[in-house]
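J.: Please find one structure pasted underneath; my questions will follow.
The values are calculated or read from the model by the stated rules, or taken from the named source; none is laboratory data. Just so it is clear, the model here is predicted, and its values are computed rather than measured. Virtual Cβ from ideal backbone geometry, glycine too; neighbours counted across all protein chains shown. Note: accessible area is taken over every heavy atom of the protein model, side chains too, but ligands, DNA and RNA are not part of it. Shrake-Rupley method; radii C 1.70, N 1.55, O 1.52, S 1.80 Å.
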Amino acid sequence: MPVIDHDAYHRDGYHLLPGLLDEKDHRRAVEFFDTLDAARDVPASYEPEYDEADGVRRLRKLRRLLWNDPEMWGPLLNRTGATELARRVIGDGAAAVFHAAFLKPARVGTEVALHQDQALWTYEYPKAFSVWFALTPVSPANGGLFGCPGSHADGRITHRDRPHYRWHPCLDVAEDGLREPVQFELRPGDGVMWDRHFAHGSAANTSAQDRRGMVVVFADASDPEFRAKDGFPLADLTAMGSE
């Protein structure tokens, strides 16, 4: 099971989780996304988004992975220890509320501007945190993944629309008084977890190498204020086993 330093996580807003995916599960995930990336039509239930440039069209994002194929993803998430991590951080009332892939394709993958997840979600997700899995090497060379230590400490920061960025309102390190971002250098199978208010993002991928990642988000479904479009209770998820 993943080992975390709770004090460091609460101080910095993130925690590295090396070796979350074993070789077999990493291969399963890569093959799954290869198949969808090569498909002429991706089922609408995945809510696909695409990056396009110079006649190239590649998958950018897929959503609702767990809800589309629970038999594959439920046991896999259990094997990684992510569900046990949710139990330790949130408690038995945890539920998965998002499960998505960020595929940042070679040469055409667009940036994800600096943001806090909670600021972009429709609902408030009490105690929410994300577990992000690297499916390829992740570094600044292929768009990377970065975050601002301590950016979660004061809760939600006002996000603004930016003329250069079309996907969602975002933050600016200097304007919003954030610490300089830390680049996460990850190997395939490594992970990183972060708080719902941790500011993070990634650059455009101009390299010849895809930069793929997958994320699952857990929140406290036992909170009286909990509302969600999708909710997969931890008890149901762990009951699926790991085989």
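J.: Compute the distance from the alpha-carbon center of region 1-59 to that of region 123-186, in whole Å.
T.: 16 Å
J.: Is region 1-99 rounded, prolate or oblate when judged by the Cα gyration tensor, a ≥ b ≥ c being the square roots of its eigenvalues, rounded requiring a/c under 1.5 and prolate requiring a/b larger than b/c?
T.: prolate
J.: Carbon-plus-sulfur fraction of the accessible area of the chain, 1.4 Å probe, in percent?
T.: The C+S portion of the solvent-accessible surface of the chain is 48 percent.
J.: Give me the aspartates and glutamates in straight-line cross-link reach of Lys229: C-alpha distance below 12 Å, same-chain residues under 8 apart excluded.
T.: Glu124
J.: Hey, another quick one. Enumerate by residue number the trypsin sites (Lys or Arg not before Pro) in region 1-104 meeting two conditions: DSSP loop (anything except H, G, I, E, B), and at most 14 other Cβ atoms within 10 Å of the site's Cβ.
T.: Sites meeting the loop and neighbour criteria: Arg40.
J.: Follow-up. Over the chain, give the accessible area per residue in Å² for a 1.4 Å probe, as an integer.
T.: On the way: 11260 Å² over 243 residues.
Counting only protein heavy atoms, the per-residue value for the chain is 46 Å².
J.: To the nearest 20 debye, what charge dipole does region 1-89 have about its Cα centre, counting +1 at the Cβ of each Lys and Arg and -1 at the Cβ of each Asp and Glu?
T.: Computed charge dipole of region 1-89: roughly 200 debye.
J.: Oh, and also: Go through Glu84, Glu31, Glu49 and list them by solvent-accessible area, largest first, probe radius 1.4 Å.
T.: Glu31, Glu84, Glu49
J.: Ranked by accessible surface with a 1.4 Å probe, highest first, in what order do Met72, Met1 come?
T.: Largest to smallest exposure gives the sequence Met1, Met72.
J.: Please list, ordered by chain and number, the residues whose modelled amide H lies under 5 Å from the amide H of Ala221; skip anything fewer than 5 residues away on the same chain.
T.: The answer is Ala94, Ala95.
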